[in-house]
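Comments concern the structure below.
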Amino acid sequence: MLQRVKRPELQLALVCVAAVLALLQMAAMPGDPSRRPGGRTWAPVLTVGQKAPDVELPRLALEKTEDGGVLGRVSSEKVKLSAVWAKKPVCLFMSSYT
Amino acid sequence: MQALYEAYKDKVEFLFVYIREAHPVRQGKEGGAEARSPQDIAQTQSLAERAIAATDCLRGLKVTLPVLIDTMDGKVEKGYGGHPAGTAVIDRDGRICFTSRGPSGVKPKEAEKVLKELLANKGKLGAGVPLSEGPAASAPDRPTKR
């Protein structure tokens, strides 16, 4: 559509209107941080007070290589979460690089 | 995340669970001529591949947290709702004290508030919160419309 509009001032005006409309939509949303534009939300799987799932996972073992780099591999050592939280509170961050 | 870890690592066990890629590139595009950044990672097909991706992640984000690798069937990702990213704080009784989930699900500031309360209460959630067993009704993997 913008390609058909020849005048640059009109193009800029259309972009500004679209930006203002998007901001108004975001401002109209409640303060729930998990709420996403477009009226979508990421429902929590667990709630406060609930028993945390006990899982056993392998550690990432890091080894230095001869050229000074770091090589990661799956360790044979496994960690059972219940054994960890029995000693200290646990803070889990779950993510990937992408 | 790294700052929180440095501040509380003696009192709290921090674990970074590396889950499946949230935004993988198509198989064969990673690391090749078409790769535009180190984050161009294809979906990991094995724990060994996930370990390599996790290592790149640690290096790229400059974090030194202990890392666990989620199972290929995503026990943590599904059990805790960690996809595409998430945070969970668990007390010494194994109770959930805080969770967040979503594209910006890693929330160290919010986690720190909860950790402070926990540490002031011997690592346990305050009295009056009933312990409920098992996971809640399974939440969808994708965001739902309201």
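Read-outs: derived from the displayed coordinates by stated rules, not from any lab. If you're wondering where the values come from, they're calculated on a predicted model, not measured in any experiment. Cβ placement follows ideal geometry from the backbone for every residue including glycine, while neighbour counts extend to all protein chains displayed.
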Residues whose placed amide H lies under 5 Å from that of A:A43, excluding near-sequence neighbours: B:T144
Computed label-point distance, nm, for sites A:A86 and B:K124 using a 7 Å Cα→Cβ extension: 1.6 nm
Beyond 18 Å (Cα-Cα) in this structure, taken from A:K88/B:K116; A:K64/B:K75; A:K51/B:K75; A:K51/A:K78, we find A:K64/B:K75; A:K51/A:K78
Label-point separation in nm, A:A13 to B:K11, each point 7 Å along Cα→Cβ: 6.0 nm
Give me the one-decimal Kirkwood hydrodynamic radius in Å for segment A:53-98, with the sum taken over alpha-carbon pairs. 12.8 Å
Cα centroid distance between segment B:89-114 and segment A:52-98, in Å? 18 Å
How many nm is it between the label spots at B:A22 and B:M72, if each spot is 7 Å from the Cα in line with the beta carbon? 2.5 nm
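Based on the mean of other Cβ atoms within 10 Å per residue, sort peptides A:61-70, B:48-57 so the most packed one is first. Show your work: numbers first, answer last.
Values: A:61-70: 9.7, B:48-57: 20.9.
The packing order, highest mean first, is B:48-57, A:61-70.
Taking the Cβ-Cβ separation of B:E110 and A:A61 as r and a Förster radius of 41 Å, what is the calculated FRET efficiency to the nearest 0.05? Write out the running numbers ahead of the final one.
Numbers: r = 30 Å, r/R0 = 0.74.
After rounding, the FRET efficiency stands at 0.85.
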